[in-house]
Structures are given as structure tokens and as C-alpha cells.
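A.B. asks: Okay, here's the structure, questions in a sec.
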Amino acid sequence: MQKDFMAQLLERARRAPRSIAFPEALEEKVLLAARKVLDLGVAKPILIGQRAEIEAAAAKVGVTVEGFEIVDNSDEAICADLIEQFLKISSDFSEKTLLRKFKAPLNFAAAMVKCGKADCLAAGVTHTTGDVVYTSQVFIGLKEGISTVSSLGVVECPNFETSEGHLLAITDCAVCTSPDSEELADIAITTSDTMRKLLDWEPRTAILSYSTKGSGQHEVVDKAIAAVKIANEKRPDLNIDGEFQIDAAIIPAVAAKKVKEESAVAGKANILVFPDLQAGNIGVKLIQIFGGCLAYGPLLQGFMRPVTDFSRSAPVDEIVGNLTMLSVLAQDD
């Protein structure tokens, strides 16, 4: 199934490969991954930094920079051009402030995405998730109608048959510590839209809890119930339901026993929305360790343009998978 999943993404990315800005251009894993996605034909890497330094770093790991676009953010003319373009579409900063901020490759790369000089942003090997999220909020901005940044992972479950073969989308396992009902609704909506773009799924999104349809009573259950109501009011075109225990969300026989009302989601959910970051982080690690599942991601959601945040421990192949998903998402932007 892994081959089928990645083969599908690779095929879609190759149809219209998008440019990805890499602010961590001196890092070994970034250089190796950028080389691989270029050679696979799934993305066009833009490396931010001084050419001589990037070439030296690439040579150390046996990577040729042929075919890479290299943009030197320390070049005064290049920086001045980006500042001019940025000020045409944003009045949040002065020219003097941008001149200072663009010395940081991450800020510069995000501004390139904002100005349409790159299609998407990829970082996280040396920067924290907080760094990537904050910079993307400041320089790229959020989608209209969305106020919550979240993360998305796609999980391959070789020992479990899902409504999508062996795949599930999970959210949010990396960003929102304790989302309220409005934020949970945003996460459910954004993830539904992302999976439509990424894999052409018809989203069936379950907001999870320890309770199924009122079997438990607590404020955390109330939060999930309210999130479902908000999501349905905002986007009645989407199938978002809950609150569900995870077995009621993905196992038809359990759903038949526990869910007495009509539901397009119960027992056949393909997107799982965890109630908070603790549950999400613990949940994804449990299924990886004990279930032998593979997790692709995280992609960051909610921004005007696609952004990915690598896990700092991610191997190169995992990063390549993230970049392939990122390039596919950017095709619709």
C-alpha cells in the first residue's frame, strides 16, 4: 500500500511540479531531499543562501546543485526587489524593518511565497514548529475564514482495513495544544478540504472523544459536540460528525451498536480529529510503535499558501514524502 500511496502522489506531483523555498539550504537532509524531489520531477527546489556556501555544503554530501535555483538573501539588489514586491501587498512592516528581517532565511523564504516567487515553504530541520508557524503567520498569512493553524498527517495502517484501503488522515498532532470548539471546527474543515485536494477523497471527518453521541458527560465532550455543530453550520457541504470514540469512528460493526442515528461518518471515517495535542501526539506514536503504521507529515494547514514543517528527526525519505504532498497541494493554489 505504501508504494500505491506514494506512487499516486508522485504521479500527481509530476503533472505540474511546484517550486518550494528551502531556507535551511546548508543542511545535509535538506540538500539530499531537494536533490531527490528534483530528480523525481515532483518539485522545483529554491535554496535560500549564498551560492558558495550552498555549493560547499552540497559537495560535502555528494549532491550536485545543478538544476537548483539559488537565491542569495544577503544580496542587496535581490533583497531590495523582494522588499518592493512585499510592500505592494502588505503594509505590516516598514522597508527598514523588512531589510533587517530578511537577513533571516526563514523570513525571506516565507516572504517569497507571499509574493508568488515560490509556491510553498518547507522548513523544520533546524527550526522549531513554533518558528515555522509564527513566521508563516506573519509573512504568508492565514486563509480567509480560517483562524486556526493545524497539522495534518496521513497514516498508512498495514494491519487495518480502513474506508480508504489502509489510509487515514489524522489531525492535529503537532500544533494546537488545547483547541476550543471553534478551533476544533476549523481543524475539521481545513483537513477535509486538504484531503480533497491531496487524494481526491470525499471527506468523512470524525471529531473524537472518549464518548460516543452522549455516552459520556463532561466539558470535554461538550466541546466536541459544539465543534461538530459549528463545523456543520460553517460548511454544511462537508461530512463532519461526532463526538465519536475512535472504534465507533472507524469500525462499522462498533458504529452499528453505538450510533443509533443516521451518520455518513460513523464506522467509515477517513479523517480523525483528535480533541487536543496530548491525545493526538500520544495516539500517533502508539499506532506507529505498536501498530506498525507509517505516518507521512506533518503538513501545516490554514495558511494562504502550502507550508510543511519537517520533524527534526525525520529521515530523508520521509522528508521527500512531505515535499511531494506539498507540491501536490500547491497545484490548486
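The values are calculated or read from the model by the stated rules, or taken from the named source; none is laboratory data. Everything quoted here is computed from the prediction, not taken from an experiment. Counting neighbours? That spans all protein chains shown, and the Cβs are built from the backbone with ideal geometry, glycine included. Calculation scope for accessible area: heavy atoms of the full protein, side chains included, ligands and nucleic acids excluded. Shrake-Rupley method; radii C 1.70, N 1.55, O 1.52, S 1.80 Å.
A.B. asks: Tell me which residues, restricted to region 264-283, are open to solvent by 10 Å² or more (accessible area, probe 1.4 Å) and closer than 23 Å to GLY165 by Cα.
C.D. replies: Of the residues in region 264-283, the ones open to solvent by 10 Å² or more (accessible area, probe 1.4 Å) are 264, 266, 268, 274-279, 281-283.
Within region 264-283, ALA264, ALA266, LYS268, PHE274, GLY283 meet the criteria.
A.B. asks: Can you confirm whether region 162-169 contains a residue that is under 24 Å from GLU219 (Cα atoms) and among the polar types (S, T, N, Q)?
C.D. replies: no
A.B. asks: Let me ask another. Quick check on my filter: what residues within region 293-333 are open to solvent by 40 Å² or more (accessible area, probe 1.4 Å), in contact (Cβ under 8 Å) with a residue 60 or more places away in the chain and closer than 17 Å to ILE170 by Cβ?
C.D. replies: Selection gives LEU294, SER311.
A.B. asks: Yes or no: region 257-265 includes at least one residue that is closer than 22 Å to LEU199 by Cα and in contact with a Leu (Cβ under 7 Å, 6 or more places away or on another chain).
C.D. replies: no
A.B. asks: With respect to THR212, is the statement that it is in contact (Cβ under 8 Å) with a residue 24 or more places away in the chain and in a strand (DSSP E or B) true?
C.D. replies: no
A.B. asks: Would you list the strands (runs of 3 or more DSSP E) that sit entirely within region 115-193 and hold 3 or more residues that are open to solvent by less than 50 Å² (accessible area, probe 1.4 Å) and closer than 24 Å to ILE230 by Cβ?
C.D. replies: Answer list for region 115-193: 150-156, 167-171.
A.B. asks: Something else now. Could you tell me which residue of region 65-102 is most open to solvent (accessible area, probe 1.4 Å), considering only residues that are in a loop (DSSP other than H, G, I, E, B) and within 18 Å of LEU323 (Cβ to Cβ)?
C.D. replies: Residue satisfying both the conditions and the ranking: GLY67.
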